[in-house]
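First comes the structure, then the notes that go with it.
The values are calculated or read from the model by the stated rules, or taken from the named source; none is laboratory data. Computed from a predicted model, the values in this text were never measured in an experiment. Counting neighbours? That spans all protein chains shown, and the Cβs are built from the backbone with ideal geometry, glycine included.
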Amino acid sequence: MHRLFRAQNYVQLSFALYFSVFKTDFNLGFGHPTTDICLTCIAYKAKIRSPDIDDEQKRQESAMFILHRQQARTFYTSLNSVSGGSVTVCLDIMEHLVLPKSPVGQSYYSRQLYLYVLGIVRYEGESSTKGKENVQLYV
């Protein structure tokens, strides 16, 4: 895009300046989106960064945050270890789509049909195959 901008505007502009303006002035995010964020982690981070608490409270909140992260790590490690003969099944309503899709206000409020997509993943431990045969999608 930098080359296209220079070609169309006949302006000699460095890539660093172009990228800086593009990133800061257009409110676009670059990077991986964060999904499934732990609310407890967010609360601890906000408390630790808060200028209203003193150093002792910050140390205490930091210790509680570290303890929370260790407990979460232990929990997910235990979820990942499946004993012999058992199967873990994960159910996820991935998305519900409102039908028909229309920007007209009257039809938006009168529609009655929803399309639900349910995903089921069968997990038998770290050594199991993770192929298409272990995933089912239902509409």
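Structure data summary
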item: Any hit, segment 41-50, residues being at pLDDT below 85 and either closer than 30 Å to Leu4 by Cα or in a loop (DSSP other than H, G, I, E, B) (or both); result: no
item: Top-ranked residue of segment 11-40 - restricted to ones that are within 27 Å of Phe75 (Cα to Cα) and part of a helix (DSSP H, G or I), ranked as modelled with the lowest pLDDT; result: Leu39
item: Test: residue in segment 73-83 that is closer than 23 Å to Tyr123 by Cα, surrounded by 10 or more Cβ atoms within 10 Å (Cβ to Cβ) and at pLDDT below 70; result: yes
item: Subset of segment 116-129 [farther than 14 Å from Val89 by Cβ and either at pLDDT below 70 or of a type outside the set (A, V, I, L, M) (or both)]; result: Tyr116, Glu126, Ser127, Thr129
